[in-house]
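The values are calculated or read from the model by the stated rules, or taken from the named source; none is laboratory data. Bear in mind that the values here come from a model prediction, so they are computed numbers and not experimental data. Cβ placement follows ideal geometry from the backbone for every residue including glycine, while neighbour counts extend to all protein chains displayed. Protein only, heavy atoms only, side chains kept; ligands, DNA and RNA dropped before computing areas. Shrake-Rupley method; radii C 1.70, N 1.55, O 1.52, S 1.80 Å.
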Amino acid sequence: YAHEDNTTSFAGGFDAGVEHRFGATWRGSLDALWDDGYGGRRIGGTAEAAWRARHDVWLSGRAIVLGVREDQATTIAQRYVTTSAVTSATFQLSDGVGLHAIAETDYDAVHDLQLRVIGVLDLAFYPEP
């Protein structure tokens, strides 16, 4: 990042993930993230499980934990952990039409508890194998 005072800051990181199928109906995944430099540091990961309950119904859940340390140069430095849990269901209504239902809850020291519920009618639905 180039700043107005002609100084330069850098940021970078990595992410990695692994996914595994457990038979024809179960799938699990783990992901890790590390990002550091200008703006602060974020380190965390996710774990997800998905189950194909029937040929036209998919259910999944995901847990997320992220540790945040904001950069002292850009803001008042804060350190906190943010957590999130997501559950979702997908129903294939017909060829090319799906209904997605998602419920998410988030908690951290900055925003306390947040809850979100989303529904999406997908008119270009193509199911994953």
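Here the spin labels are modelled as points 7 Å beyond Cα on the Cα-Cβ line, and at PHE14 and SER94 they lie 4.9 nm apart.
Heavy-atom accessible area for LEU121, with the other protein chains in place and a 1.4 Å probe, reaches approximately 110 Å². Using a probe of 1.4 Å on the protein chains alone, the accessible area found for ASP122 is around 40 Å².
Restricting to Cα atoms and excluding each atom paired with itself, what does the Kirkwood estimate give for the chain in Å? The answer is 17.4 Å. Other residues with beta-carbon under 13 Å from the beta-carbon of ARG62 carry, at +1 per Lys or Arg and -1 per Asp or Glu, a net charge of -4.
Using a probe of 1.4 Å, the accessible surface attributed to SER60 totals some 30 Å² when neighbouring protein chains are kept in position.
Taking chymotrypsin sites (Phe, Trp or Tyr not before Pro) as exposed when DSSP calls them loop and at most 15 other C-beta atoms lie within 10 angstrom, the chain has its longest site-free stretch at 39-129.
Ordering VAL65, GLY28, GLY17 by Cα displacement along the dipole of the stretch 9-67 toward the positive end leaves GLY28 in first place; charges were set at the Cβ atoms of Lys, Arg (+1) and Asp, Glu (-1).
Simple point charges give the picture: +1 on the Cβ of Lys and Arg, -1 on the Cβ of Asp and Glu, and for the chain a dipole about the Cα centre of about 500 debye.
Within the stretch 2-103, the GluC sites (Glu not before Pro) that combine a DSSP coil assignment with at most 11 other C-beta atoms in a 10 angstrom radius are GLU4. Residues considered: ILE118, ILE64, ILE43. Largest GNM mean-square fluctuation over the chain, using C-alpha springs under 10 Å, is found at ILE118.
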